[in-house]
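Trainee: Structure in structure tokens, see below.
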Amino acid sequence: MSEIELRNVGKSYGSLSVLDDISLDMGSGEFVVLVGPSGCGKSTLLRMIAGLEDISAGEITIGGRIVNDMPAKERDLAMVFQSYALYPHMKVADNMSFALKLAGVPKDEIKRRVDEAADILGLGHLLERLPRELSGGQRQRVAMGRAIVRDPRAFLFDEPLSNLDAKLRVKMRGEIKKLHQRLGKTTIYVTHDQTEAMTMADKIVVLNGGKIEQMGPPLELYKNPQNLFVASFIGSPEINLLRGEVDSQALKLADGARLPLPPGHGLADGRKLVYGIRPQHIHLADSGIAADVMLVEPTGDAQDVMLRIETTDITMVLGESALLQSGAKLTIGFDTANVLLFDDKTGGRIQ
Ligand SMILES: Nc1ncnc2c1ncn2[C@@H]1O[C@H](COP(=O)(O)OP(=O)(O)O)[C@@H](O)[C@H]1O
Ligand SMILES: [Mg+2]
């Protein structure tokens with residue numbers, strides 16, 4: 001059974017529609033990531049699930065009950081915000097226990113739950129500190145501790161790692177995943193960062209302009225994006241997208257460059273389309289397409305190489321091999337089995 005269900009949910013502010021016809025099932029224990037560019041409606045959707053925002057259309061069900069008119073505090077969900085939203089004048093222990101005190105939970109029980117959450121999050125030695133005496137990562141952990149002690153039905157996270165530096169973000173990403181594995185709670189996690197979505201989610205929901213573009217397991221979205229938006233949003237470095245027209249076994253670009261099409265593609269000559277090839281699916285070859293190296297970015301085990309074919313710039317990721325130099329001339333080949341083709345008008349995937 002689905003733990004949280006959205007049926008044709010919509011949100012408007014006056015005549016401005018910000019979410020339209022959102023339908024979505026979240027299974028019990030599932031880790032669902034809502035991802036999309038800034039302003040696409042992620043926070044609004046999360047706040048509607050939490051009960052912090054009215055819904056304008058449709059139905060939200062939690063644990064089999066319609067909650068459209070149920071106040072936030074009765075929904076049994078705990079939310080963690082980007083801003084942490086800690087009480088600055090309260091010690092860590094009091095920040096974590098505040099909601100339980102309000103709810104009239106007995107003192108012994110509060111202590112037991114706070115100690116347990118502090119143990120899980122490694123906050124035991126910080127319980128007597130004030131928020132201003134903590135680092136960003138520690139504050140975010142306190143915010144999570146405050147959610148854990150409530151033992152809610154589900155966790156909602158709104159960009160919880162955006163205020164942390166890159167290294168800490170990666171560490172906390174792992175911690176949130178581990179926490180999810182340990183507690184097994186349904187989790188909805190909002191981010192604009194496709195890497196967080198790819199690495200954390202059981203299911204990714206890609207939002208754009210208030211609509212769902214596609215949802216599915218991370219690798220499914222990576223391998224089988226249904227449209228140009230999802231293809232370019234998921235994956236790093238970004239997929240190469242090139243416009244051209246079919247000319248027998250190749251796609252001919254405006255500058256005359258010819259890119260290999262998958263064998264047996266069945267497309268009529270002259271058809272205009274968008275050709276997608278991920279940087280990981282381009283390799284060095286003995287014969288193939290001539291390219292000039294414009295720029296090389298070493299990433300450690302690999303290098304991101306910006307190439308120019310005729311007048312078209314593309315990116316290739318090259319694994320173990322000698323570092324290339326800009327100005328070098330290469331011959332490259334494409335893994336045609338991994339080429340993704342899209343209609344040039346609708347942006348929809350051509351199968
Ligand atoms: N109270 C409001 N009144 C009018 N427009 C709003 C309000 N809150 C959010 N919006 C608009 O709704 C859209 C989605 O916002 P939001 O959910 O915060 O996006 P995201 O979290 O994906 O960045 C934005 O265009 C934003 O300007
Ligand atoms: Mg937001």
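Trainee: Starting from the stretch 326-351, take each residue that is exposed (fewer than 14 other Cβ atoms within 10 Å of the Cβ) and list its partners that are assigned to a strand (DSSP E or B) and among the small types (Gly, Ala, Ser), counting only C-beta distances under 7 angstrom and pairs at least six apart or across chains.
Mentor: Sorted first by the residue in the stretch 326-351, then by its partner, the pairs are 329/290; 331/285; 331/287; 331/288; 331/290.
Trainee: Taking the stated definitions as given, is residue 182 more than 25 Å from residue 51 (Cα to Cα) and either under 28 Å from the mean Cα position of the chain (by Cα) or surrounded by fewer than 23 Cβ atoms within 10 Å (Cβ to Cβ) (or both)?
Mentor: yes
Trainee: When you look at residue 148, is it within 18 Å of residue 95 (Cβ to Cβ), away from ligand 2 (no atom under 16 Å from the Cβ) and hydrophobic (A, V, I, L, M, F, W, C), yes or no?
Mentor: yes
Trainee: Looking only at the stretch 63-81, filter to residues that are in contact (Cβ under 8 Å) with a residue 24 or more places away in the chain and either of a type in the set (S, T, N, Q) or out of contact with any Asp or Glu (no Cβ under 6 Å at 6 or more places or on another chain) (or both); which one of those is farthest from residue 7 (Cα to Cα)? First the steps, then the outcome.
Mentor: Restricting attention to the stretch 63-81, the residues satisfying the condition of being in contact (Cβ under 8 Å) with a residue 24 or more places away in the chain are 63-64, 75-81.
Pick out the ones that are also either of a type in the set (S, T, N, Q) or out of contact with any Asp or Glu (no Cβ under 6 Å at 6 or more places or on another chain) (or both) and you get 63-64, 75-80.
Numbers: 63: 14, 64: 13, 75: 17, 76: 20, 77: 19, 78: 22, 79: 21, 80: 24 Å.
Step by step, filter the stretch 63-81, then rank; the result is 80.
Trainee: Can you tell me which condition residue 30 does not meet? The list is (1) more than 29 Å from residue 234 (Cα to Cα); (2) away from ligand 1 (no atom under 16 Å from the Cβ), and all the others hold.
Mentor: Among (1) more than 29 Å from residue 234 (Cα to Cα); (2) away from ligand 1 (no atom under 16 Å from the Cβ), residue 30 violates only (1).
Trainee: Identify, from the list 57, 50, the residue that is assigned by TED's automatic domain parsing to the domain that holds residue 183 and farther than 30 Å from residue 163 by Cβ.
Mentor: 57
Trainee: What are the residues in the stretch 10-53 that are within 16 Å of ligand 2 (Cβ to nearest atom), without any contact (Cβ under 8 Å) to a residue 40 or more places away in the chain and in contact with a helix residue (DSSP H, G or I) (Cβ under 6 Å, 6 or more places away or on another chain), if any?
Mentor: 52, the sole residue that qualifies.
Trainee: Of the numbered conditions (1) modelled with pLDDT under 95; (2) in contact with a Leu (Cβ under 7 Å, 6 or more places away or on another chain), residue 84 fails exactly one; give the number of that condition.
Mentor: Going through (1) modelled with pLDDT under 95; (2) in contact with a Leu (Cβ under 7 Å, 6 or more places away or on another chain) one by one, residue 84 breaks only (2).
Trainee: I would also like to ask the following. What's the number of the condition residue 181 fails, among (1) more than 16 Å from ligand 2 (Cβ to nearest atom); (2) touching a Phe, Trp or Tyr at 6+ places or on another chain (Cβ under 7 Å)?
Mentor: Unmet for residue 181, out of (1) more than 16 Å from ligand 2 (Cβ to nearest atom); (2) touching a Phe, Trp or Tyr at 6+ places or on another chain (Cβ under 7 Å): (2).
The values are calculated or read from the model by the stated rules, or taken from the named source; none is laboratory data. It should be emphasised that the depicted structure is a prediction, and the values quoted were computed from it without experimental measurement. Note that we place each Cβ from the backbone using ideal geometry, even for glycine, and neighbour counts take in every protein chain shown.
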